[in-house]
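FYI, it's all coordinate maths here, none of it is from the lab. Note that the coordinates shown come from a computational prediction; the quantities given were computed from them, not determined experimentally. No Cβ is skipped: glycine too gets one built from the backbone with ideal geometry, and neighbour counts run over all protein chains shown.
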Amino acid sequence: MTAALVAASVVVGGCGGDRDEPRTAESAPAATATSPTHTATPSTATAGPAATLAELARQPCRALDQQDSSRLGIIIEGSETDLDGKSCQWGVLDGLVAFTPYPTVDQTTAAEFRHLKQTKIDGRRAVAGTTSRGGCTTLVAISAKQSFRLIASPLGEEAAGSKSCPLNTTFATAILAHLG
């Protein structure tokens, strides 16, 4: 388990700061690029959730607030990355969860995701399915022209399989609660 947490820290790293001390607006570092596709962002405690998917496309880590972080078991705060669009990636005990908003397209109907199982999340049309590595991809429709994607990537064999799609559902429900 320690190796999994270290791996998660390396993958999601770049947030900086002492994890035991809550950040305030004064102590949160300014957003700085750590690589061409990975940037550190201020703590979700100071940013708060956004109300629209268009806002989340600019600042995806604002999709969750501090209360969500506690409730969802986030142990590594969100950091921006590029996963087919600006995304936010959080570390949880069993792995990583990445969120990518699509403010101008409903990806649940895209041909590349036809193999995923149709479902509903919080009354919204969604598709979900596991990957060959035990992870899960979930897409949730917001409207006919908006959606978002969650990818849960487990760390370690004990986290693979059936735990990753329910993790996406839990994150999707929290994100939907903040959208107007």
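Could you give the length gained by full extension between Lys120 and Gln67, i.e. 0.36 nm per residue of separation minus their alpha carbon distance, to one decimal place?
Roughly 16.7 nm would be gained on extension.
In square nanometres, what is the average projected area of the Cα convex hull of segment 110-153?
Averaged projected hull area, Cα only: 3.2 nm².
Less than 13 Å Cβ to Cβ from Cys136, Lys/Arg counted +1 and Asp/Glu -1: what total charge do the surrounding residues give?
Overall, the nearby charge balance is +3.
Would you list which lysines come within 18 Å of Lys163, measuring only between C-alpha atoms, while excluding same-chain residues fewer than 8 positions from it?
The qualifying lysines are Lys117, Lys120.
Against the 2.2 N^0.38 Å scaling, with N counting residues, where does segment 85-125 land? I'd like the Cα-based Rg ratio to two decimal places.
1.40
Could you work out the equivalent-ellipsoid semi-axes for segment 60-120, taking the square root of 5 times each eigenvalue of the Cα gyration tensor, largest first, in whole Å?
Semi-axes (√(5λ), whole Å): 24, 14, 11.
For a quick check: with amide H placed at 1.01 Å from N, whose amide H comes under 5 Å from Gly135's, ignoring anything fewer than 5 positions away on the same chain?
When sequence neighbours closer than 5 places are left aside, the close amide H contacts are Gly161.
So how much slack lies between Thr131 and Lys163, counting 0.36 nm per residue of separation and subtracting their Cα-Cα distance, in nm?
Gain on extension, Thr131 to Lys163, equals 10.3 nm.
What distance in nm separates the simple spin-label points at Thr52 and Asp82, each placed 7 Å from Cα in the Cβ direction?
2.5
In whole Hz and in residue order, list the ³J(HN,Hα) couplings for segment 67-80 that follow from phi through the Karplus curve 6.51 cos²θ - 1.76 cosθ + 1.60, θ = phi - 60°; x for Gly and Pro.
Once θ is set to phi - 60°, the couplings for segment 67-80 become 5, 4, 4, 5, 5, 8, x, 6, 10, 10, 4, x, 9, 6 Hz.
According to the Kirkwood expression over distinct Cα-Cα pairs, how big is the hydrodynamic radius of segment 87-180, in Å?
When all Cα pairs of segment 87-180 are included, the Kirkwood radius is 13.1 Å.
Placing unit charges on C-beta atoms (Lys and Arg positive, Asp and Glu negative, everything else neutral), compute the dipole magnitude of segment 70-175 about its Cα centre in debye, rounded to 20.
460
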